[in-house]
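Contents: one structure, followed by commentary.
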Amino acid sequence: MDGETITVRCVCGWETSGPEVAVIRTTIEHGLKLHNMAPTRAEVLAMAVPSARAAGPGDDPTLGPSVS
Amino acid sequence: MTHRYTLLVGGTVIPGGDEPDAAAIAWAEDTVIALGAELDVRAISRGDSHLFDLGGAFVVPIAPEGDAKWPVAATLEVGERADLAVLDRDPRMARADDGRDPRPRTVAIVRGGRVLAGALPGGSTNRHEHDPSEPAFDVEGPVQAEVFVVWLAGDHLELTGPCGPAPWIIELGVTDHPVEVVTRIVRDAIGRPLLVHSTSWRRDRDALILSFVAVIDAALVGPMASAPIGRIDLARGEASAAPRAVATDQVVEHGLRHLAWLAQDDPVVAHELPAAWHLALAEYMPEPFRNLG
């Protein structure tokens, strides 16, 4: 997924979008802080989807509920 | 999701780039998950982590393959691969004028989170070699805490939390003390709770679920989403069997009944809960801790 913006959604409703490096780091920090678990790079990328798809048709990604 | 974190503390981590030195680093499988002050990195330990005391040794990034040289363009950062070398002294201070070999001695080489040469100091070799028969994900039957953060909104109780009114799931290591972990994480994420109490347990989601009620002051709610708590009948089991299905609302209902029981039975709980809480809990039928499923 290099070069594209990706999105990761946690089951708790938390969501983050951005470049791969930032999303991996933010997701690890979220996991440790709120769920006492740390996903690896591979696990974060397995959960990630391209941000355009995550926003859904008709959604404005700039108005999304990102809480990163 | 691996629970096998490796923590190196008590040394100097030179992350590279323009980043300042750190005192500790941790990784899970091949990924750096924490880098910073020793207390901060120790705080992520789940009890089943592998902890190594660097004893003043230095940690530097190395390239993911090839000769282990430093300095390199690679950096040690959260989310990046754990490719690093442990050196017996500061490579930035390597000078020959003290009569010693100017090159630091390599204590261990770690690539992708695995010790490929040498040994991590302060503990066993602990190579973390991958056994092909070992699954990549933990299937040991995880224990999870399901936390319901409750506050008094005027005259009624509401659910809130970092996940809003939804259950807040926290994984627990096999040797973690559940109450200590839940209290620490609630405190770090929200603020000091008035009370944290485990109210029931059940098996669900392929895990053992310990339900907790965390009582917080209204001042801590801030921007977190919140929703009033409704009343619902409890899930009831048979004489020797748990209920077949338990809804989240029923877990909350039982949690508050348990809290109502503690408010009457436990002097500490009775003291910690403000008077208005006692009034709010009065409408809940007291009930002790039990298995919900």
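The values are calculated or read from the model by the stated rules, or taken from the named source; none is laboratory data. Given the structure is predicted, the values throughout are model-derived calculations rather than measurements. Note: ideal-geometry Cβ built from the backbone for every residue, glycine included; neighbour counts use all protein chains shown. Protein only, heavy atoms only, side chains kept; ligands, DNA and RNA dropped before computing areas. Shrake-Rupley method; radii C 1.70, N 1.55, O 1.52, S 1.80 Å.
Residues that are in contact with a Leu (Cβ under 8 Å, 6 or more places away or on another chain) and open to solvent by less than 10 Å² (accessible area, probe 1.4 Å) were ranked within segment A:7-48; the one that is nearest to B:G164 (Cα to Cα) is A:N36.
Could you check segment B:1-39 and list, in sequence order, the residues that are open to solvent by 30 Å² or more (accessible area, probe 1.4 Å) and within 10 Å of chain A (Cβ to nearest Cβ)? Within segment B:1-39, B:M1, B:E29, B:D30 qualify. Of the residues making up segment B:40-55, just one is buried (at least 18 other Cβ atoms within 10 Å of the Cβ), touching a Pro at 6+ places or on another chain (Cβ under 8 Å) and not aliphatic (A, V, I, L, M), namely B:F52. Scanning segment A:28-43 for residues that are in contact (Cβ under 8 Å) with a residue 12 or more places away in the chain, facing chain B (nearest Cβ under 8 Å) and assigned to a helix (DSSP H, G or I) returns A:I28, A:L34, A:H35, A:R41.
When residues of segment B:283-293 are filtered for being under 16 Å from B:I232 (Cα atoms), open to solvent by 60 Å² or more (accessible area, probe 1.4 Å) and of a type outside the set (D, E), how many remain?
Here is the first cut: in segment B:283-293, the residues under 16 Å from B:I232 (Cα atoms) are B:283-287, B:292.
Checking which are open to solvent by 60 Å² or more (accessible area, probe 1.4 Å) leaves us with B:283, B:285.
This time we only want the ones that are of a type outside the set (D, E), so: B:285.
So the count comes out to 1.
How many residues, within segment B:263-278, are in a helix (DSSP H, G or I), in contact (Cβ under 8 Å) with a residue 60 or more places away in the chain and open to solvent by 20 Å² or more (accessible area, probe 1.4 Å)?
Applying the first criterion (in a helix (DSSP H, G or I)) to segment B:263-278 yields B:263-265, B:267-272, B:275-278.
From what's left, in contact (Cβ under 8 Å) with a residue 60 or more places away in the chain: B:269, B:272, B:276-277.
Cutting the leftovers down to open to solvent by 20 Å² or more (accessible area, probe 1.4 Å) gives us B:272, B:276.
Number of matching residues: 2.
Does B:V181 satisfy being over 16 Å from B:Q250 (Cβ atoms) and at pLDDT 95 or above? Talk me through it step by step, then tell me what you get.
Working: over 16 Å from B:Q250 (Cβ atoms): yes; at pLDDT 95 or above: no.
Considered against the rule, which asks whether it is over 16 Å from B:Q250 (Cβ atoms) and at pLDDT 95 or above, B:V181 comes out as no.
Restricting attention to segment B:210-230, the residues being closer than 15 Å to B:V252 by Cα, within 14 Å of chain A (Cβ to nearest Cβ) and open to solvent by 10 Å² or more (accessible area, probe 1.4 Å) number 3. Checking each residue in segment B:146-193 for being under 20 Å from B:I229 (Cβ atoms) and facing chain A (nearest Cβ under 8 Å) picks out B:P162, B:C163, B:G164, B:A166, B:W168, B:I169.
Considering the conditions (1) at pLDDT below 70; (2) under 20 Å from B:R4 (Cβ atoms), A:H35 is excluded by exactly one of them, (1).
Taking each residue of segment B:246-258 that is at pLDDT below 90 and buried (at least 20 other Cβ atoms within 10 Å of the Cβ) and looking for partners that are aliphatic (A, V, I, L, M) and not in a helix (DSSP H, G or I) with beta-carbon atoms closer than 7 Å, six or more apart or interchain, yields B:V246/B:A235; B:V246/B:L292. Inspection of segment B:50-63 identifies no residue that is without any contact (Cβ under 8 Å) to a residue 60 or more places away in the chain and within 14 Å of another protein chain (Cβ to nearest Cβ).
Filter segment B:191-209 down to residues that are open to solvent by less than 20 Å² (accessible area, probe 1.4 Å) and either part of a loop (DSSP other than H, G, I, E, B) or of a type in the set (S, T, Y) (or both), then give me how many there are. Going through segment B:191-209 one residue at a time, the tally reaches 4. Restricting attention to segment A:6-27, and to residues there that are part of a helix (DSSP H, G or I) and more than 7 Å from every other protein chain (Cβ to nearest Cβ), which single residue is farthest from B:R187 (Cα to Cα)? Looking at the filtered set, the residue picked out is A:E20. Do you know which of the residues in segment B:175-187 that are in contact (Cβ under 8 Å) with a residue 24 or more places away in the chain and either charged (D, E, K, R) or part of a strand (DSSP E or B) (or both) is least open to solvent (accessible area, probe 1.4 Å)? Ranking the qualifying residues of segment B:175-187, first place goes to B:D176.
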